[in-house]
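Enquirer: One structure coming up, written as structure tokens, with questions to follow.
The values are calculated or read from the model by the stated rules, or taken from the named source; none is laboratory data. Everything quoted here is computed from the prediction, not taken from an experiment. Cβ sites come from the backbone with ideal geometry, for glycine too, and all protein chains shown count toward neighbours. Areas reflect the complete protein model, heavy atoms only, side chains present, ligands, DNA and RNA absent. Shrake-Rupley method; radii C 1.70, N 1.55, O 1.52, S 1.80 Å.
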Amino acid sequence: MEKFAIALIFFTVFWGLIGVVLPFLIPKGPNRRLIQTMLILTSACCWLFWLCFYLHQWNPLFGPLLTTTDARILRELWSTDF
Amino acid sequence: MTTIFRSEQMTSCQLYLQPDAAYSCIAELGELGIVQFRDLNPNVNSFQRKFVNEVRRCEEMERKLRFLESEIKKDELTLYDPDENPDAPKPREMIDLEAIIDKLDHELKEINTNADALLRNFNELTELKHNLSMTQTFFQDAQQVRIGLSENAHEQNVDIDDQYSSTMATGMKLGFVSGVISRERIIGFERMLWRVCRGNVFLKQADIPDLIEDPLTGEKVHKTVFVVFFQGEQLKNRVQKICEGFRANIYPCPENANERRELAMGVMTRLEDLNIVLRQTHDHRQRVLLETSKTIRTWIIKVRKIKAIYHTMNMFNNDIARKCFIAECWTPNSQIDTLQLALRKGSESSGSGSISSVVNRIETNQQPPTHNKLNKFTQGFQNLVDAYGVATYREINPMPFVLITFPFLFAVMFGDAGHGLIVSIFALWMVIKENTLKKKWRTQEVWTIFFGGRYIILLMGLFSIYTGLIYNDVFSKSLNLFGSSWRVKFDDKTLLKSDSVFLEPNPTIYNHTTPDQYRQMYSGNPYLLGIDPVWQLSDNKITFTNSAKMKFAIIIGIIQMCFGVILSLWNHLHFKHYHGIFAEFLPQLIFLVCIFIYLIILIFYKWSTYQGKDATDAPSLLIHLINMMLLSYPDSPPSSTKIYNGQRGVQTALLLIAVICIPWMLLAKPIYTIIKRRKRNNHLTVTNPLASNDIEMKNHNADEEIDMSEVWVEQGIHTIEYFLGCISHTASYLRLWALSLAHAQLSEVLWSMIFHIGLSMNGYIGGIASFMVFMPWSSLTIFILLLMEGLSAFLHALRLHWVEFQSKFYKGEGYPFVPFSFKLILEETPPDS
């Protein structure tokens with residue numbers, strides 16, 4: 001549960017830095033507004049995209065259907081502990 | 001105030017130009033490219049305008065220059081581009097330029113005609129030479145035969161060299177015709193001779209081994225020399241006619257061997273002379289063309305500039321009373337000072353600096369053109385937006401937003417990090433090498449399209465890498481960077497029992513009696529970046545990703561539409577249409593929030609509360625939305641029972657509010673218009689209590705009647721369009737899911753059916769097979785997945801922006817600002833065509 005919260009906070013802060021803090025640091029020039037818009041939109045879209053797929057996998061309603069061969073391979077490759 | 005979010009402010013100016021200074025002022029403005037002139041003589045025929053003669057002269061010069069250019073190209077000389085931009089020449093210089101070009105034109109034409117005549121002469125003599133040499137051999141052979149005959153036949157003593165006597169010795173008088181015919185026609189020629197002359201002629205032929213240039217066509221063909229022997233005048237005429245018909249060139253051949261020899265020598269000397277003259281003519285032509293090639297491009301640019309200036313001056317109003325030209329133009333507010341400076345500079349350079357030209361700002365009701373300050377990065381995106389419709393003057397320009405959301409939505413549909421990497425590298429190459437690539441391949445339209453959109457493609461590629469990482473799809477394979485959240489915890493006994501197994505996220509679903517068989521195989525924490533790599537190996541991957549992608553598509557679609565509606569608020573504020581905020585913005589936004597933002601909230605709620613153990617009870621959000629609309633709350637299938645307490649009340653309230661928005665939007669604006677008109681009418685009657693008002697009132701009423709029905713109809717259309725559009729556009733965003741599914745499946749098919757064949761073989765054979773299989777796999781990847789899917793995703797993302805996003809706020813009824821600029825005019829026609 002903690003790992004979930006940490007990941008959420010980390011990515012939110014990451015995109016928040018890019019989208020909220022960085023626009024204030026853009027030097028004055030003819031393209032200042034444009035770059036600010038770009039940063040805000042990019043960080044908003046990318047964060048939302050990540051968030052949706054993260055939340056969708058948080059509580060899965062069903063699991064993957066593997067062939068027994070693949071299952072056996074994965075059991076050896078990844079071991080059975082998380 | 002310059003802002004990227006709106007088009008620039010424009011003023012309409014009147015320019016008063018002195019007749020002497022007008023030309024140079026316009027030349028200055030052309031270099032700067034800051035004004036767009038209005039045509040003040042729209043009803044005048046182009047042949048009746050003031051400067052039609054000058055334009056005609058310019059076109060003559062252009063024609064001659066085109067001819068010179070084609071001659072230079074024929075000789076494959078290089079045309080030198082001018083280093084710096086040549087200025088438009090003054091009117092006096094134009095006459096000099098005309099004279100030079102005229103002289104060159106004449107000279108070149110003369111050289112060409114002379115060269116043609118000489119060449120024809122040369123070819124004829126060559127044919128004659130061959131003719132003589134071949135017939136020489138004929139007659140020599142004939143003489144051998146005759147000698148043999150005469151020895152055998154004890155005839156009268158004949159002069160061996162005298163062919164006539166020899167023929168008389170055989171008792172016949174033969175005439176002959178010799179000439180040259182092309183080899184392909186000789187067979188038909190022979191047959192025709194045989195038929196027409198009934199076999200009474202004798203044809204002897206010999207092929208000329210070299211290729212000869214035909215005097216008439218100038219091509220090199222194979223030719224044959226022939227001699228036709230006949231007897232009598234009739235046959236002679238027939239033979240001559242046939243020769244004409246088959247276009248054989250007849251040459252006189254003296255019968256005397258001495259004469260033949262003399263003629264041959266004469267021909268040789270003439271040929272040598274002609275050769276020398278031809279070479280000299282050719283050299284002269286080369287020299288003339290070389291001289292011209294250095295300056296011709298400069299002249300072409302100069303002439304185009306002169307023509308552009310005179311075209312512009314044709315649009316002016318010539319005020320005879322005040323002895324000046326009046327021009328009307330649009331110019332951005334920020335450039336008015338530059339305009340004044342330019343006019344002053346123009347007046348000074350033309351020498352009449354004492355009386356300067358005047359700029360006068362005028363108020364006008366016409367809609368100004370839309371001008372956006374752009375750089376090479378934003379130009380591409382502005383083109384995308386303008387392709388659907390140029391923004392109305394001072395309306396919100398969607399370009400800064402489209403700049404990011406368009407590549408993002410493209411990437412959501414394209415979604416493969418490997419493909420995105422290739423696209424990014426290609427775009428990066430174009431961007432880094434842009435200065436050298438700008439001038440290449442300008443006639444290849446496909447390339448210019450790709451090159452013009454290089455920044456768009458770069459952004460598309462970069463976003464595709466990101467979405468590819470989130471979809472965990474690199475050439476249809478997944479990366480395992482952070483460790484999967486799923487583990488296989490089955491023992492061998494279970495694995496042997498069946499062909500495939502479901503990994504359970506939660507152990508308590510199935511068999512309670514043997515819990516050790518089903519332990520929790522999901523760690524409880526999702527994979528950190530994107531979709532877990534275990535799904536790539538599973539058979540039910542699509543079922544899982546479908547659900548995720550569809551939900552994301554709906555979420556981003558609704559958010560983009562809300563964003564569009566909020567932009568319309570910004571427009572209302574700017575144009576001070578405060579009634580619009582109440583009458584249009586509020587009902588639109590409230591409707592969207594009540595139905596669709598509520599749907600988003602439900603999606604997030606379902607994501608957070610329903611776990612694997614609740615899988616059978618998990619609600620189907622689609623059914624819930626439909627039931628909300630139908631006000632039905634059934635008890636039976638678990639997927640339709642209520643999700644939270646009070647759901648019925650909340651949903652009914654939301655539905656009610658949303659339904660109220662429909663008549664709100666339909667009625668508010670027309671009622672406002674009615675009230676406004678009534679207030680205006682009341683105001684008029686109060687201030688002008690004259691009798692004539694009755695007639696005015698009636699006219700007003702008549703206008704109002706027509707206008708009001710228009711207002712009602714227009715508002716009705718807008719209402720229906722918006723509310724139906726909300727639902728259909730939301731569903732339309734599902735194409736984000738559909739195309740990404742198609743792309744992923746195509747990519748998987750290519751890998752598993754083509755590349756896998758090579759990779760699955762063992763040993764050295766496997767190596768060779770992999771090498772051979774790479775070619776079809778990579779070429780199909782590029783053509784189908786990158787180009788075709790890329791184009792498809794591009795078009796769909798563009799449609800989503802043009803229709804679903806922009807219909808919420810964009811009017812697009814403006815016209816673009818096209819300044820009078822030499823740079824634009826020179827770029828229009830590619831120089832190498």
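Enquirer: Just give me the residues in the stretch B:551-566 being open to solvent by less than 20 Å² (accessible area, probe 1.4 Å), in contact (Cβ under 8 Å) with a residue 60 or more places away in the chain and within 13 Å of another protein chain (Cβ to nearest Cβ), in sequence order.
Expert: Listed by number, the residues that qualify are B:PHE552, B:ALA553, B:ILE556, B:GLY557, B:ILE558, B:GLN560.
For (1) facing chain B (nearest Cβ under 7 Å); (2) at pLDDT below 95; (3) open to solvent by less than 20 Å² (accessible area, probe 1.4 Å), each residue gets a yes or a no:
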position	(1), (2), (3)
A:LYS3	yes, yes, no
A:GLY16	no, no, no
A:ASN31	no, yes, no
A:SER43	no, no, yes
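Enquirer: Give the stretch A:18-38 a look and list any residue that's under 14 Å from the mean Cα position of the chain (by Cα) and over 21 Å from B:ILE4 (Cβ atoms), or say none.
Expert: None; the set is empty.
Enquirer: Same structure, new question: Checking A:PRO23 against (1) within 7 Å of chain B (Cβ to nearest Cβ); (2) part of a helix (DSSP H, G or I), which single condition isn't satisfied?
Expert: That leaves (1) as the condition not met.
Enquirer: Related question: For the list (1) under 26 Å from B:PHE410 (Cα atoms); (2) open to solvent by less than 50 Å² (accessible area, probe 1.4 Å); (3) not small (Gly, Ala, Ser), I need the number of the one condition that B:GLN588 fails.
Expert: Of everything listed in (1) under 26 Å from B:PHE410 (Cα atoms); (2) open to solvent by less than 50 Å² (accessible area, probe 1.4 Å); (3) not small (Gly, Ala, Ser), B:GLN588 misses just condition (1).
Enquirer: Turning to a different aspect of this structure: Just to verify a result, which residue in the stretch B:775-833, among those that are among the small types (Gly, Ala, Ser) and without any contact (Cβ under 8 Å) to a residue 40 or more places away in the chain, is nearest to B:VAL474 (Cα to Cα)?
Expert: So the residue we want is B:SER778.
Enquirer: Next question, about the same structure. Identify, please: which residue in the stretch B:593-633 is open to solvent by 60 Å² or more (accessible area, probe 1.4 Å) and either modelled with pLDDT of 95 or more or within 49 Å of the chain's Cα centre (by Cα) (or both) and is, among those, farthest from the other protein chains (Cβ to nearest Cβ)?
Expert: B:MET629
Enquirer: Now a separate question. Among the residues of the stretch B:481-504, count how many are more than 7 Å from every other protein chain (Cβ to nearest Cβ), open to solvent by less than 70 Å² (accessible area, probe 1.4 Å), modelled with pLDDT of 85 or more and farther than 20 Å from B:THR543 by Cα.
Expert: Going through the stretch B:481-504 one residue at a time, the tally reaches 1.
Enquirer: Now a separate question. Is there any pair with a first residue in the stretch B:252-276 that is of a type outside the set (A, V, I, L, M, F, W, C) and a second that is part of a helix (DSSP H, G or I) and open to solvent by 90 Å² or more (accessible area, probe 1.4 Å) whose Cβ atoms are under 9 Å apart and which are 6 or more apart or on different chains, and what are they?
Expert: Short answer, once both residue conditions are applied: B:PRO254/B:GLU262; B:GLU255/B:TYR164.
Enquirer: In this structure, is B:THR78 within 14 Å of chain A (Cβ to nearest Cβ) and of a type in the set (Ser, Thr, Tyr)?
Expert: It is false that B:THR78 is within 14 Å of chain A (Cβ to nearest Cβ) and of a type in the set (Ser, Thr, Tyr).
Enquirer: Which of the residues spanning the stretch B:423-456 are open to solvent by less than 80 Å² (accessible area, probe 1.4 Å), free of Cβ contacts under 8 Å to residues at least 60 places away in the same chain and over 20 Å from B:THR467 (Cβ atoms)?
Expert: If the condition is that a residue be open to solvent by less than 80 Å² (accessible area, probe 1.4 Å), free of Cβ contacts under 8 Å to residues at least 60 places away in the same chain and over 20 Å from B:THR467 (Cβ atoms), then B:MET430, B:VAL431, B:GLU434, B:LEU437, B:TRP447, B:THR448, B:PHE450, B:PHE451 are the ones that fit.
Enquirer: Continuing with the same structure: Checking B:ALA248 against (1) touching a residue at least 60 places away in the same chain (Cβ under 8 Å); (2) in the same structural domain as B:VAL52 (by the TED database), which test does it fail?
Expert: Going through (1) touching a residue at least 60 places away in the same chain (Cβ under 8 Å); (2) in the same structural domain as B:VAL52 (by the TED database) one by one, B:ALA248 breaks only (2).
Enquirer: Somewhere in the stretch B:808-818, is a residue part of a helix (DSSP H, G or I) and either surrounded by fewer than 14 Cβ atoms within 10 Å (Cβ to Cβ) or out of contact with any strand residue (DSSP E or B) (no Cβ under 7 Å at 6 or more places or on another chain) (or both)?
Expert: Checking the stretch B:808-818: at least one residue is part of a helix (DSSP H, G or I) and either surrounded by fewer than 14 Cβ atoms within 10 Å (Cβ to Cβ) or out of contact with any strand residue (DSSP E or B) (no Cβ under 7 Å at 6 or more places or on another chain) (or both).
Enquirer: Then there is this: Of the conditions (1) open to solvent by 60 Å² or more (accessible area, probe 1.4 Å); (2) hydrophobic (A, V, I, L, M, F, W, C); (3) outside any helix (DSSP H, G or I), B:CYS253 fails just one. Which one is it?
Expert: Of everything listed in (1) open to solvent by 60 Å² or more (accessible area, probe 1.4 Å); (2) hydrophobic (A, V, I, L, M, F, W, C); (3) outside any helix (DSSP H, G or I), B:CYS253 misses just condition (1).
Enquirer: Also, I was wondering about something else. Give the residue that is nearest to the other protein chains (Cβ to nearest Cβ), with candidates limited to residues of the stretch B:567-581 that are touching a Lys or Arg at 6+ places or on another chain (Cβ under 9 Å) and not hydroxyl-bearing (Ser, Thr, Tyr).
Expert: Out of the qualifying residues, it is B:LEU567.
Enquirer: Just to check your reading of the model, which residue among B:VAL402, B:VAL390 is within 14 Å of chain A (Cβ to nearest Cβ), among the hydrophobic types (A, V, I, L, M, F, W, C) and either within 23 Å of B:LEU736 (Cα to Cα) or open to solvent by 10 Å² or more (accessible area, probe 1.4 Å) (or both)?
Expert: B:VAL402
Enquirer: Condition first: among the β-branched types (Val, Ile, Thr), under 21 Å from the mean Cα position of the chain (by Cα) and facing another protein chain (nearest Cβ under 9 Å). Can you find one or more residues in the stretch A:50-69 that meet it?
Expert: No - not one qualifying residue is present in the stretch A:50-69.
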